[in-house]
1. In the list Ser169, Ser140, which residue meets the criterion of being of a type in the set (S, T, N, Q), touching a Leu at 6+ places or on another chain (Cβ under 6 Å) and crowded, with 18+ Cβ neighbours inside 10 Å?
2. What are the pairs, 6+ residues apart or on separate chains, where a residue within the range 115-129 that is farther than 18 Å from Leu67 by Cα has its Cβ under 7 Å from a residue that is of a type in the set (Phe, Trp, Tyr) and assigned to a helix (DSSP H, G or I)?
3. Among (1) within 26 Å of Arg10 (Cβ to Cβ); (2) not in a loop (DSSP other than H, G, I, E, B), there is one condition Phe79 misses while meeting the rest; what is its number?
4. What's the total number of residues in the range 130-169 that are touching a residue at least 40 places away in the same chain (Cβ under 8 Å) and of a type in the set (Ser, Thr, Tyr)?
5. Being open to solvent by 30 Å² or more (accessible area, probe 1.4 Å) and in a strand (DSSP E or B) is the filter here; which residues of the range 105-134 pass it?
6. When the residues of the range 75-87 are filtered to those that are of a type in the set (A, V, I, L, M, F, W, C) and under 17 Å from the mean Cα position of the chain (by Cα), which remaining residue is modelled with the lowest pLDDT?
7. Taking Asp92 as meeting all but one of (1) surrounded by 13 or more Cβ atoms within 10 Å (Cβ to Cβ); (2) out of contact with any Gly (no Cβ under 9 Å at 6 or more places or on another chain), write down the number of the exception.
8. In the list Ile207, Ile194, Ile225, Ile211, which residue meets the criterion of being touching a helix residue (DSSP H, G or I) at 6+ places or on another chain (Cβ under 8 Å), under 22 Å from Leu156 (Cβ atoms) and surrounded by 13 or more Cβ atoms within 10 Å (Cβ to Cβ)?
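The values are calculated or read from the model by the stated rules, or taken from the named source; none is laboratory data. Values in this document were obtained by computation on a predicted structure and should not be read as measured data. Backbone-built Cβ (ideal geometry, glycine too); neighbour counts: all protein chains shown. Heavy atoms of the whole protein, side chains included, go into the accessibility calculation; ligands, DNA and RNA do not. Shrake-Rupley method; radii C 1.70, N 1.55, O 1.52, S 1.80 Å.
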Amino acid sequence: MDDTDTLDSRGTGRLAREVAAFIAKKWPVSGVTRHQLYVHESIPFTSHNSCAVVHVETEGREAADELFALTEEVMLGDFIPGSDPGLAVAEDWQITPALIAYGRDAQSTVLNQNIARTLAKNLGIRLKGLGGTEDGVIGSLAGLGLAAMKSDGRYLLVGSIRSMTGPVSVEQVLAAGVDCVQTIDGELLTTGLIMEQEGKSVKPCPIGGKITLLVRRENGNILPIKRG
């Protein structure tokens, strides 16, 4: 999903987490990721121009159709006047190199709705604008391609990570659903205290298909790194 908010409203990430909570009542949700899109003067955006993707563990056309309908209902029920939301839902078999290339292009190129709608039609992907200019279809489709790379963006929700705020131990982070904690120079950590800000939760990223929290050592402390 993309372009669901305004400067004075809740963000797309929060809406994505709310959508994930509704979806989780019927299907397992493995996580919610945030993906950074192109920041350019000709592209309208609220603050950072990012989209959010909810990762759902289900399969089949009927499930995808129902998933789309449920998400559309939740998004329309929380529509923010002045926003231009878009929604896209794809099954695994619809994730092609063309979709991934489109996602990458959306991080460095000014795209338009026609490109997005044509690609979605050719791949059979469910894509719909849910109000305003409907420009959100551009970023929502891009999110699918970027999420499929499994090495882009960061997690807004995964495991029980949001229930823990800093400082937090490496052991707690690993027990909460993170696959590994690693320094930027490659050291894997299994113990230690991560000096995240009080009241803030750490922000792992998908890297090579693994849920990874990147950290750095500074003056004897382990500091979390925020990517994307």
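1. Ser140
2. Partner pairs satisfying both residue conditions: Leu119/Tyr102.
3. (2)
4. Of the residues in the range 130-169, 4 are touching a residue at least 40 places away in the same chain (Cβ under 8 Å) and of a type in the set (Ser, Thr, Tyr).
5. Arg126, Leu127, Lys128
6. Of everything passing the filter in the range 75-87, Met75 is modelled with the lowest pLDDT.
7. With (1) surrounded by 13 or more Cβ atoms within 10 Å (Cβ to Cβ); (2) out of contact with any Gly (no Cβ under 9 Å at 6 or more places or on another chain) applied to Asp92, the lone miss is (1).
8. Working: Ile207 fails: touching a helix residue (DSSP H, G or I) at 6+ places or on another chain (Cβ under 8 Å); Ile225 fails: touching a helix residue (DSSP H, G or I) at 6+ places or on another chain (Cβ under 8 Å); Ile211 fails: touching a helix residue (DSSP H, G or I) at 6+ places or on another chain (Cβ under 8 Å).
Being touching a helix residue (DSSP H, G or I) at 6+ places or on another chain (Cβ under 8 Å), under 22 Å from Leu156 (Cβ atoms) and surrounded by 13 or more Cβ atoms within 10 Å (Cβ to Cβ) holds for just one of Ile207, Ile194, Ile225, Ile211, which is Ile194.
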